[in-house]
Amino acid sequence: MPSLERLQTSLGLFFSDPNLLQSALIHSSFLHERPDQGVGLIDGERLEFLGDSILNYLTATLLFERYPQRGEGELTT
């Protein structure tokens, strides 16, 4: 996909696996609404899950370390 190469050049970021970049840019609704154009493409939902999990972990770690006196209930609100 030539536009992915152009995007990487513009950003100055180059992916060892350009398929991950492509997946990150494809929404599941696109594949659902245009199945003929989405043959062989994978949406970014798995990457979104991974990103959300990493953010949850980092946030929990920060709160846990910053507020050692607080209990579970206070840390989750």
**Message:** For the chain, what does the helix formula give at 222 nm: sum of -39500 (n - 2.57) over DSSP H segments with n ≥ 4, over the residue count, nearest 500 deg cm²/dmol?
**Reply:** -19000 deg cm²/dmol
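With a 1.4 Å probe and every protein chain left in place, work out the accessible area per residue of the chain in Å², rounded to a whole number.
Here the residues of the chain average 86 Å² of exposed surface.
What range in the chain is the longest one free of chymotrypsin sites (Phe, Trp or Tyr not before Pro) that are in a loop by DSSP and have at most 15 other Cβ atoms within 10 angstrom?
Working: sites that count: Phe14, Phe15.
No qualifying site falls inside 16-77, the longest such stretch.
At 10 °C and a viscosity of 1.306 mPa s, what translational diffusion coefficient does Stokes-Einstein give for the chain, taking Rh as the Kirkwood radius over Cα pairs? Give it in µm²/s as a whole number.
Values: Rh = 15.4 Å.
The calculation lands on 103 µm²/s.
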**Asked** Where the only charges are on Cβ atoms (+1 Lys, Arg; -1 Asp, Glu), what is the dipole of the chain about its Cα centre, to the nearest 20 debye?
**Response** 200
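The values are calculated or read from the model by the stated rules, or taken from the named source; none is laboratory data. This is a predicted model, so every value here is computed, not measured. Methodologically, a virtual Cβ is constructed for each residue, glycine included, from the backbone with ideal geometry; neighbour enumeration extends over all protein chains shown. Just the protein is used for accessible areas: all its heavy atoms, side chains included, with ligands, DNA and RNA removed. Shrake-Rupley method; radii C 1.70, N 1.55, O 1.52, S 1.80 Å.
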